[in-house]
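A short write-up of the structure that comes next.
The values are calculated or read from the model by the stated rules, or taken from the named source; none is laboratory data. All figures in this text were calculated on a predicted structure; none of them were measured in a lab. Ideal geometry is used to build each Cβ from the backbone, glycine not excepted, and the neighbour counts take in all protein chains shown.
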């Protein structure tokens, strides 16, 4: 995922369009999706109240960050991002389309 991001970031920015290919065609925030699954897996594996509290805290922080990023992307790309956001899930990929 990071390799795709590094290769595509500058060209997409230069063309003034949001990245919509690669992992971004399935979810708008693929990096956060992966991190969310690892945090959830860790909490399930450890099965401790501390792990669950940290998982929930992390989730709340990520949700806040996603809201900020979404506002920025909507301001930067306008209607193009709105169309992309309308058809692409935020974090959890759609299994059937």
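Would you mind stating whether residue 54 is surrounded by 13 or more Cβ atoms within 10 Å (Cβ to Cβ) and modelled with pLDDT of 90 or more?
Numbers: surrounded by 13 or more Cβ atoms within 10 Å (Cβ to Cβ): yes; modelled with pLDDT of 90 or more: yes.
Answer is yes for this residue.
Here residue 88 fulfils each of the conditions (1) surrounded by 11 or more Cβ atoms within 10 Å (Cβ to Cβ); (2) more than 12 Å from the chain's Cα centre (by Cα); (3) touching a residue at least 12 places away in the same chain (Cβ under 8 Å) apart from (2). Here residue 28 clears all of (1) modelled with pLDDT of 90 or more; (2) in a loop (DSSP other than H, G, I, E, B); (3) over 18 Å from residue 93 (Cα atoms) except the condition numbered (3).
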